[in-house]
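What follows is one structure encoded as structure tokens, with my remarks underneath.
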Number of protein chains: 2
Amino acid sequence: MAQKIKLSTIAESLGVSTATVSLALRDSPLVADRTREKIKDQARALGYIYNRRAASLRTSRSGIIGVVVHDIMNPFYAEILRAIESELDRNRQTFILSNHYDSVEKQRTFLETLLQLGSDGVIMSPAIGTPRDDLLLAENNGMPTILIARSVPDIDVPTFRGDDAYGIALATNHLIGLGHRVIAMIGGTDQTSTGRDRYQGYVDALKKAGIEVDPALRIPGPRTKQGGFEAAVNFLSMPQKPTAAVCWNDLVAIGLMNGIQRAGLVPGRDISVTGYDDLEEASIATPALTTVWNGQSEVGRMAARALLDKLAGSHAEDYLHLIKPEMRIRQSTAPLHPR
Amino acid sequence: MAQKIKLSTIAESLGVSTATVSLALRDSPLVADRTREKIKDQARALGYIYNRRAASLRTSRSGIIGVVVHDIMNPFYAEILRAIESELDRNRQTFILSNHYDSVEKQRTFLETLLQLGSDGVIMSPAIGTPRDDLLLAENNGMPTILIARSVPDIDVPTFRGDDAYGIALATNHLIGLGHRVIAMIGGTDQTSTGRDRYQGYVDALKKAGIEVDPALRIPGPRTKQGGFEAAVNFLSMPQKPTAAVCWNDLVAIGLMNGIQRAGLVPGRDISVTGYDDLEEASIATPALTTVWNGQSEVGRMAARALLDKLAGSHAEDYLHLIKPEMRIRQSTAPLHPR
DNA sequence: CTGAAAGCGCTTACAG
DNA sequence: CTGAAAGCGCTTACAG
């Protein structure tokens, strides 16, 4: 590696000042066209690499945005991330990603790293149990925060997520409309706003239809294919003999359908199953999964947009932005008929 | 947000020099125990945030490592990333992630960003068509590079990947051993080292078994579930009536199995299907997928380790590290019997 | 064991 | 339109 090329290297080689070089490279109208051309050519010729650390030390803007979610291996988050990425790319912002795996400590470490790097802002799906103080840590140090997918109670931070209670009611009502009366709820936890809202939406929909709610029909558990797969045995041996399952998300639903098939039954015929999220994968599952579109790409795009707007100085008034979910009816649900 | 706390704020409030504060916070033995305690307490009390940009401007070490892969939404890369993440976390390195979606331009932009941020190194699964010069750009500017999953010809950069020709031969031989003679190859492309190696491994295995190779039995295509799903129609209508399919990867295999089921056939009974990678998902597919373990976690762990060692000054001799794949026999393959 | 001073590579008033 | 100089917040010789 040859000697380091910096602004002053270019300046000296051309007999101009570093101020002029700095302005020229950033296309300032203060610099004469000919000077600018000359400088840019020379920068290219020398293989100059702009030192963002030095610049950001001076400007206190880093061009870095942090993103932290539960787990990027989960396609639900991956779809949100893809939307965030494309929005940030378009605005030439670099993003730094981290999983928190619902560890508040891991999340806090990441927030501290972002502060140390001078990150301009952060988009986060908060870990279960995220304390107010951790969000204040970011805000108080000048790092604007946007929440996605989950809410944190009692704090005024812009939040973008789907309307979970409404969405799960769509799925539950769809099954009730097909004649199902014994409907289990598979997967999920009460520890997140999402979890509470989804269970409540399911309960409310049943009550509204005059169906008695049996808490034993709920099988909480991991929100993964593996989780749904493992719940199948339990589900199939319930004494209440449920004919349908409202699943926490598509992953659980696909896992559950696999488990049902292993037991020799046919999902979509013997048992109706609904998912949640409408992942890209839902439509090519077998049977194609009836599910609820949860607006991942909308959430990602809007959250990124909101952060960029905030950085540009605009002031948003609304703190909670609920995306309206939509039903996607496919082959995994069917009218009730005797088993 | 209160006034910015920096080293000098702490120094002044305690009547010591910034040099002492700097050393104390980094646990230098040069500082007296009592002084260090006092300084650390004060830093905590004031809510001091270490400015890594300033430090790295001085030390020219950023603690940042770049990782770029084709697509983190692909579970194959996600599994590698998880291993990289855990290794880098353990060593308190921050990583910045990017997808290149096989765009050489997007990849180059990312490499330039990393250079501008003073990234200490980069781990990359090179985009199709990555030119030598792009890798040299990194190396020549003092950013060590490690390749994963794919090779770039004619360049001496440490590379960690599975032995594709060997692995695909395992799958092909497994099917031949079950009596299959008309075996299709589904998915993939000739544009990557992986693609060429896998096709060659399949061809060689057939030849070795005395089976004539029919190029029409190959259906190249996207390496996704969707790709496998869409290939099913084509596959099932082949005049040669293949009884088995060697798939490019697990995603293609799972998609193909879904497509086969949609057509009313039973994968693992009517048609044997092998995958590649042994994703977490392979074992819970229905039928459980016979596949080839491709060592994602090994690749990630070893690549991260190699980069950290290189940063620590050690000199590796070997450039190509091939992980030996292993057969995982499950229910998607069965002895040949008349259709 | 501690302090004064220089310097990492930029950008930004300010002067001309 | 261009230049000289200060300063962003650290770390690192060097001196004491």
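The values are calculated or read from the model by the stated rules, or taken from the named source; none is laboratory data. As the structure is a prediction and not an experimental result, all values here were calculated from the model. Every residue, glycine among them, receives a Cβ derived from its backbone with ideal geometry; neighbour counts consider all protein chains shown. Just so you know, the surface numbers come from the protein's heavy atoms only, side chains and all, with ligands and any DNA or RNA stripped out. Shrake-Rupley method; radii C 1.70, N 1.55, O 1.52, S 1.80 Å.
Across the identical copies, the label point of residue A:28 (7 Å from Cα in the Cβ direction) is separated from its matches by 3.6 nm, in order from shortest. Contact residues in region A:9-57 (at least 50 Å² less accessible area with all protein chains than alone, 1.4 Å probe): A:49, A:52, A:53, A:57. Over 26 Å apart: what share of the alpha carbon pairs of region A:49-167 falls there, rounded to a whole percent? Value for region A:49-167: 19 percent of Cα pairs lie more than 26 Å apart. Buried accessible surface for the A/B pair, both sides summed and rounded to the nearest 100, is 4600 Å² with a 1.4 Å probe. The spread of Cα positions in chain A, taken along each principal axis and listed from longest to shortest, comes to 89, 39, 31 Å. Short-range pairs are left out: with C-alpha atoms under 8 Å and at least six residues apart, the relative contact order of chain A is 17 percent. For region A:223-262, a reduction of at least 10 Å² in accessible area between the chain on its own and the assembled protein chains (probe 1.4 Å) is found at A:225, A:226, A:229, A:258, A:261, A:262.
When the P(r) of the protein assembly as shown is calculated, the portion above 44 Å amounts to 31% of the C-alpha pairs. Would you mind calculating the relative contact order of region A:164-294 from Cα pairs under 8 angstrom and at least 6 residues apart, reporting the percent as a whole number? Reported as a whole number, the value is 26 percent. Once the convex hull of all Cα atoms in region A:7-50 is built, its volume per residue stands at 58 Å³. Just to verify a number: FRET efficiency for residue B:35 and residue A:13, C-beta to C-beta distance, R0 = 56 Å, to 0.05? Approximately 0.75, to the nearest 0.05. Couplings 3J(HN,Hα) for region B:203-209, derived from phi with the Karplus relation 6.51 cos²θ - 1.76 cosθ + 1.60 (θ = phi - 60°), are 4, 4, 5, 4, 4, 4, 8 Hz, where x marks Gly and Pro. When only alpha carbons are used to place a centre, region A:154-197 and region A:262-311 end up 13 Å from one another.
Global dimensions of region B:164-294 from alpha-carbon coordinates: Rg and Dmax equal 12.9, 36 Å. In the context of the full set of protein chains, residues of the protein assembly as shown present 43 Å² of accessible surface per residue (probe radius 1.4 Å, heavy atoms only). When residue A:320 is represented by a point 7 angstrom out along its Cα-to-C-beta vector, the spacings to that point in the other copies are 5.9 nm, nearest first.
Based on Cα contacts under 8 Å between residues 6+ apart, region A:129-183 shows a relative contact order of 22 percent.
Remark: label point of residue B:239 defined 7 Å out from Cα along the Cα-Cβ vector; separations to the same position in other copies 6.4 nm, ascending. Taking the alpha carbon gyration tensor of region B:241-280, multiplying each eigenvalue by 5 and rooting it gives semi-axes of 17, 11, 8 Å, largest first. Across the cross-link table entries A:6/A:38; B:207/B:241; A:40/A:310; A:207/A:324; A:4/A:40; A:208/A:324, which are compared at the Cα atoms, the separations over 24 Å belong to A:40/A:310.
Here region B:7-50 exposes an accessible surface that is 52 percent carbon and sulfur, computed with a 1.4 Å probe and the other protein chains kept in place.
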